[in-house]
Amino acid sequence: MVRADARRNQERILEEARGAVGAGDTGITLNELARRAGVGVGTVYRLFPTHQAMLEAVVEDGLRAMVDRATAAAEVEDVAEGLAGFFRASLLHAVREPGLVSVLVAVDDAVTGTSGTKVELALAVSRLLDRGRAAGVVRSALTGEDLLKLLCGLQHAIAASGDDQAAVTERYLDLVLAGLGLPGRST
């Protein structure tokens, strides 16, 4: 059983981590996180033994939401609409939650559950693409992992653009969706 004060500390640490990562500070050190949360460094290290473990905890819900989104997209009657909707929603999510990309591209995960969720995501996206190929909507050998890497690259390009991120996101989405033969922005 976790003591009430320990639970409050954990919640404060996670809240500070989410705030920092959400603001784009994916490189925040655990020492800095402890300072911002007003707790001892040891308290943070007990909760997050590594920086990667912290990032994974911050984006865990977002990663799970991507799996759910890919699974739901495979059920959309219009295959092209399902694929385009998945890609659009996932890219917008990645732009809003920069730590998500860091976790998706990480070779080594700190938490076994993260590795499992990433595999599940790649499989769900591959099933979505397979459905698109079967319907004649997707004509490339693009894999789920390829599509996720493309998503990560686009998020990085949007973040580095220095321009209005919403406008850049829409331009890049239109370009990629057109390249995949999928519908762009709904009018």
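Limited to the stretch 22-77, what total is found for residues that are part of a helix (DSSP H, G or I) and either of a type in the set (A, V, I, L, M, F, W, C) or within 17 Å of S115 (Cα to Cα) (or both)?
Here the count works out to 28.
Determine whether the stretch 167-176 contains at least one residue that is over 14 Å from S90 (Cα atoms), in the same structural domain as F87 (by TED's automatic domain parsing), out of contact with any helix residue (DSSP H, G or I) (no Cβ under 7 Å at 6 or more places or on another chain) and of a type in the set (G, A, S).
Checking the stretch 167-176: at least one residue is over 14 Å from S90 (Cα atoms), in the same structural domain as F87 (by TED's automatic domain parsing), out of contact with any helix residue (DSSP H, G or I) (no Cβ under 7 Å at 6 or more places or on another chain) and of a type in the set (G, A, S).
Do you know which residues across the stretch 1-22 are among the β-branched types (V, I, T) and either surrounded by 15 or more Cβ atoms within 10 Å (Cβ to Cβ) or within 17 Å of R35 (Cβ to Cβ) (or both)? It would help to see each step written out before you state the result.
The initial filter retains those residues of the stretch 1-22 that are among the β-branched types (V, I, T), namely 2, 13, 21.
Of everything in the stretch 1-22, those that are among the β-branched types (V, I, T) and either surrounded by 15 or more Cβ atoms within 10 Å (Cβ to Cβ) or within 17 Å of R35 (Cβ to Cβ) (or both) turn out to be I13, V21.
Among residues belonging to the stretch 81-92 that are modelled with pLDDT of 90 or more and surrounded by fewer than 19 Cβ atoms within 10 Å (Cβ to Cβ), point out the one that is farthest from T26 (Cα to Cα).
So, considering only residues that are modelled with pLDDT of 90 or more and surrounded by fewer than 19 Cβ atoms within 10 Å (Cβ to Cβ), the one farthest from T26 (Cα to Cα) is E81.
Could you grab me the full set of residues in the stretch 124-149 that are over 22 Å from the mean Cα position of the chain (by Cα), of a type in the set (A, V, I, L, M, F, W, C) and not in a helix (DSSP H, G or I)?
If the condition is that a residue be over 22 Å from the mean Cα position of the chain (by Cα), of a type in the set (A, V, I, L, M, F, W, C) and not in a helix (DSSP H, G or I), then A135, V137, V138, A141 are the ones that fit.
Within the stretch 1-21, can you find the residues that are aliphatic (A, V, I, L, M) and part of a helix (DSSP H, G or I)?
A4, A6, I13, L14, A17, A20, V21
The values are calculated or read from the model by the stated rules, or taken from the named source; none is laboratory data. Predicted, not measured: the structure shown is a model, and the values here were computed from it. Cβ coordinates were reconstructed from backbone atoms using ideal geometry, including for glycine residues, and neighbour counts include every protein chain displayed.
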